[in-house]
């Protein structure tokens, strides 16, 4: 079984796609996650950008299809490092959390998917 990344970097995208099988098709949700981490309820893509004061975060994924019991993955705990990309503006008003310079943006464009 593959597992999501257990490390992340402030100001850079964190993501992982969870897959569940079964009939009917599952809907995904998160529990215990920080507010900046979201899940696409249809695709199972967990994504977000760790904020500047984040050192660790945890989350659990639930896949439900109306047939008991629900499938649960986690909890997963992720360690967050400060990174090397200049000043972090993830907490600036109006910010999307992305690193401020183009080089950081290019290096931060990697997504990890299961499948």
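See the values below:
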quantity: Gain on full stretching of the segment that runs from residue 23 to residue 43 - 0.36 nm per residue minus C-alpha separation; calculated: 5.7 nm
quantity: Label-reachable residues, region 17-46, where backbone N falls under 12 Å from a point 7 Å from residue 72's Cα toward its Cβ; calculated: 31-32
quantity: Kirkwood-based shape ratio for region 19-64, expressed as Rg/Rh from alpha carbons; calculated: 1.05
quantity: Listed peptides 35-45, 4-14 by packing density, highest first (mean Cβ within 10 Å); calculated: 4-14, 35-45
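Here, each number is a calculation from the coordinates, and none is a lab measurement. Please read these numbers as outputs of a predicted model, since none were measured by experiment. Here the Cβ is made from the backbone with ideal geometry for all residues, glycine too, and neighbour counts use every protein chain on show.
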